[in-house]
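Inspection log for the structure reproduced underneath, given as structure tokens.
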Amino acid sequence: MLKKKFILEFDEEPSLLFVQEKGKRHPTVYQDGEMVQGIRSIDISSSIDNITIHRIEFATGATKR
């Protein structure tokens, strides 16, 4: 079976992009167009009437690219 490709395209880099792929344990997170590595946990709070707020907890020593 041929896999169907899923593509997201933006005119500008998104401020925050959280991608959780099927069958993968760890999500991929991009902040201001850059992939963020070493994330231990992420907490995202968003609603229609408020700005999006996110908190990232990093694992010490795991943030090198």
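The values are calculated or read from the model by the stated rules, or taken from the named source; none is laboratory data. Bear in mind the structure is a predicted one, so any value in this text is a computation, not a measurement. Positions of Cβ are generated from backbone atoms using ideal geometry, with glycine treated the same way; all protein chains shown enter the neighbour counts.
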Q.
Conditions first: (1) under 10 Å from the mean Cα position of the chain (by Cα); (2) closer than 17 Å to Lys64 by Cβ; (3) not charged (D, E, K, R). Ile42 passes all but one, so which condition is the exception?
A. (2)
Q: Can you work out which of the residues in segment 30-61 that are polar (S, T, N, Q) and surrounded by 11 or more Cβ atoms within 10 Å (Cβ to Cβ) is modelled with the highest pLDDT?
A: Gln31
